[in-house]
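The values are calculated or read from the model by the stated rules, or taken from the named source; none is laboratory data. Source: prediction; values computed, not measured. Here the Cβ positions follow ideal geometry from the backbone for every residue, glycine too, while neighbour counts run over all protein chains shown. Keep in mind that these areas ignore ligands, DNA and RNA; they rest on the heavy atoms of the full protein, side chains included. Shrake-Rupley method; radii C 1.70, N 1.55, O 1.52, S 1.80 Å.
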Amino acid sequence: MKVIRRSWSMSDCPPGQGSRREDEDDLADLMETLGSAPAFVAGNSSGASTALGLSGRHPELFRGILAHEPPLLGVVADDPGSGPSFAEAGRRLASVVDRLRAGEPLAGARQFVEEVAFGPGEWERMPDRVRETFRVNAPTFADEQGDPGWAELDLATLCGYTGPALLTKGSESPPWFAGIVGRLSGALPQAATYTFALVALGRGAP
């Protein structure tokens, strides 16, 4: 089952500032209402942050976790090796949010894709429907960045989860993801890690 968080795509958009803690509580309520707990939960990006945050608070809800590239920049804020890339990531995110709050969702979405998430030229390579999804969800991304705790995770609380876990990242992803995965692995010593390698397809490849 795929879960869409509040205010994303066709889900409800309540007024006021949202928070990841709110998303975690929504996930817990959904799992309990559907009777699916304990469950295997896979999350990507902020969805991974949400799953990890909830797993420490309510480990009994989880049978296993797969977390791909949670953008928990706060857990590497004091890491000298991640410092420069961390600062650059923060600058780029702030620039995107400024553009979105100025009422430029299309330009902000494009800037996010090309300067934060995927790289130069990737916006034009995306199908129209994917670009439209980024544009429509851009205001929610700005709201997400307004949550003071969006990039933080209490690693001591995360240690309360002792079940199976897999932490993954991409080989060409921003370097601070390696630092984040390293810190999370320290809090979850039972977790396996995996790096997805970029495979370049030849001109005649399918």
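Arrange the residues 33, 193 by how much accessible surface each exposes, largest first, with a 1.4 angstrom probe. Mind showing how you got there, number by number?
Details: 33 115, 193 80 Å².
From most exposed to least exposed: 33, 193.
Starting from the Cα of residue 79, step 7 Å along the direction of its Cβ; do the same at residue 122; then give the gap between the two resulting points in nm.
1.9
Rank-order 159-165, 173-179 by packing density, defined as the average count of other C-beta atoms within 10 Å over each peptide's residues, highest first.
Those peptides, ordered most packed to least, come out 173-179, 159-165.
How far apart, in nanometres, would the label points at residue 192 and residue 88 be if each is projected 7 angstrom from Cα along the Cα-to-Cβ direction?
Calculated label separation equals 3.2 nm.
With r defined as the distance between the Cβ atoms of residue 162 and residue 29 and R0 fixed at 22 Å, what FRET efficiency is calculated, to the nearest 0.05?
The pair residue 162/residue 29 has a calculated efficiency of 0.40.
So what does the Cα-only Debye profile of the stretch 85-143 read at q = 0.12, 0.22, 0.30 Å⁻¹, as log10 I(q)/I(0), no solvent term?
-0.25, -0.81, -1.26
So what is the relative contact order of the stretch 47-205, in percent, for Cα pairs below 8 Å that sit 6 or more residues apart?
Relative contact order comes out at 33 percent.
How much length would be gained if the chain were fully extended between residue 36 and residue 137, taking 0.36 nm per residue of separation minus their Cα-Cα distance, in nm to one decimal? Let's see the in-between values first.
On the way: separation 101, 0.36 × 101 = 36.36 nm, distance 2.80 nm.
That works out to 33.6 nm of additional length.
Once you charge only the Cβ atoms, +1 for Lys and Arg and -1 for Asp and Glu, what is the size of the charge dipole of the chain about its Cα centre, to the nearest 20 debye?
Dipole about the Cα centre, nearest 20: 520 debye.
With 10 Å bins from zero, work out the P(r) of the chain over every alpha carbon pair and list the percent per bin.
8, 32, 37, 20, 3, 0
Could you compute the longest span of the chain free of trypsin sites (Lys or Arg not before Pro) located in DSSP loops and having at most 11 other Cβ atoms within 10 Å, not counting the site residues?
Longest site-free region, per DSSP loop and neighbour criteria: 3-202.
State the percentage of accessible surface on the chain attributable to carbon and sulfur atoms; use a 1.4 Å probe and exclude ligands, DNA and RNA.
On the way: 6390 of 11330 Å².
Solvent-exposed carbon and sulfur of the chain make up 56 percent of the total.
Please get the size of the charge dipole for the stretch 77-133, origin at its Cα centre, with Cβ charges of +1 on Lys and Arg and -1 on Asp and Glu, quoted in debye to the nearest 20.
180
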